[in-house]
Amino acid sequence: MNLDLSNKHALVGGATGGIGKASAIELASLGARVTLLARNEEKLKQCLDELPKGNGQAHDFIAADFAEAESAAEKVQHHMLQNGISYQILINNTGGPPGGPITEAAADEFRRAFEMHLITAQLLSRALIPGMRLAGYGRIINVISTSVKIPLRGLGVSNTIRGAVANWSKTMANELAADRITVNNVLPGATLTGRLESIIQSKAKAGGKSTEEVSEAMKSIIPMKRFASAGEIANAIAFLASPAASYITGINLPVDGGRTGSL
């Protein structure tokens with residue numbers, strides 16, 4: 001199986017923590033040159049030092065805020081022009097919208113989430129696709145949620161926006177398939193990240209329970225009876241980014257320990 005990403009260049013969003021950071025590390029370990037993309041420059045510098053460096057790999061970073069989609073895309077384009085590079089791998093990943101019932105969500109919550117998730121993914125993809133076409137190799141991987149299969153309770157805005165991203169992705173996959181560019185979605189289940197901790201704390205506060213009780217209740221509905229590590233999600237992302245996944249496109253891949261109640 002060919003998992004070698006040598007001579008491939010990857011742009012990884014949300015790269016200073018959780019799934020994004022784990023994905024950057026895994027892609028680098030397979031030989032890719034990685035550009036970290038996130039808003040906190042100090043954290044980016046710290047993460048840069050943690051990336052594997054072998055065979056002359058030179059990693060770098062771009063500081064940009066996904067809440068300002070046009071600005072983020074412009075910074076990426078400037079970085080490519082300034083350094084004379086193109087990307088063959090794009091990992092669209094950013095933190096999920098705050099939880100809460102959809103009936104209580106303000107219109108601006110949907111607008112902000114749409115900008116951060118779908119508009120940013122669209123602009124970054126458009127910026128990178130020409131280079132992917134020239135290389136004859138492209139991998140666009142969107143980290144979204146199992147809610148695109150079954151909506152999750154208490155995540156009204158997230159359920160809505162994730163569904164939009166999933167359909168955007170499928171449409172793009174069909175349009176780009178002939179160019180040897182694949183577009184896929186990875187759907188993490190409950191994963192040990194800062195976002196999961198925030199969700200557990202919110203549920204505990206709303207239900208008058210301890211975080212331990214909420215955590216155990218969440219694990220109880222997962223067939224594997226545990227949360228995922230960020231590295232386990234990164235493994236799926238790295239596979240889809242590799243040459244071995246050349247005939248896989250337009251799919252939603254749950255990595256959830258069996259939690260999603262549908263095929």
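Is it fair to say R139 is under 24 Å from L5 (Cβ atoms), assigned by TED's automatic domain parsing to the domain that holds A236, buried (at least 16 other Cβ atoms within 10 Å of the Cβ) and basic (K, R)? Yes, satisfied. The residues in the range 120-159 that are at pLDDT 95 or above, under 22 Å from G18 (Cα atoms) and aliphatic (A, V, I, L, M) can be counted, and the count is 8. Residues that are among the basic types (K, R) and touching a strand residue (DSSP E or B) at 6+ places or on another chain (Cβ under 7 Å) within the range 46-96 comprise just one, K75.
Can you find, within the range 172-197, the residue that is surrounded by the most Cβ atoms within 10 Å (Cβ to Cβ) among those that are among the polar types (S, T, N, Q) and under 18 Å from the mean Cα position of the chain (by Cα)? Looking at residues that are among the polar types (S, T, N, Q) and under 18 Å from the mean Cα position of the chain (by Cα), I get N185.
S198 passes every criterion in (1) of a type outside the set (K, R); (2) outside the structural domain of Y87 (by TED's automatic domain parsing); (3) in a loop (DSSP other than H, G, I, E, B) apart from (3). Per the listing M218, M224, the residue uniquely part of a loop (DSSP other than H, G, I, E, B) and closer than 19 Å to K149 by Cβ is M224. Just one of the listed residues (G250, G257) is surrounded by fewer than 18 Cβ atoms within 10 Å (Cβ to Cβ), part of a loop (DSSP other than H, G, I, E, B) and modelled with pLDDT of 95 or more, namely G250.
Applying the condition of being without any contact (Cβ under 8 Å) to a residue 40 or more places away in the chain and in a loop (DSSP other than H, G, I, E, B) to the range 149-171 and asking which residue is surrounded by the fewest Cβ atoms within 10 Å (Cβ to Cβ) yields R153. Listed by first and then second residue, the pairs with beta-carbon distance under 9 Å, at least 6 apart or on different chains, first residue in the range 116-130 and assigned to a helix (DSSP H, G or I), second among the basic types (K, R), are H117/R162. Restricted to the range 79-110, and to residues there that are loosely packed, with under 12 Cβ neighbours inside 10 Å and of a type in the set (A, V, I, L, M), the residue that is nearest to A238 (Cα to Cα) is L81. Can you name every residue in the range 60-103 that is polar (S, T, N, Q), in contact (Cβ under 8 Å) with a residue 60 or more places away in the chain and over 19 Å from S23 (Cβ atoms)? Residue satisfying the conditions is S86 alone.
The values are calculated or read from the model by the stated rules, or taken from the named source; none is laboratory data. Note that the coordinates shown come from a computational prediction; the quantities given were computed from them, not determined experimentally. Every residue, glycine among them, receives a Cβ derived from its backbone with ideal geometry; neighbour counts consider all protein chains shown.
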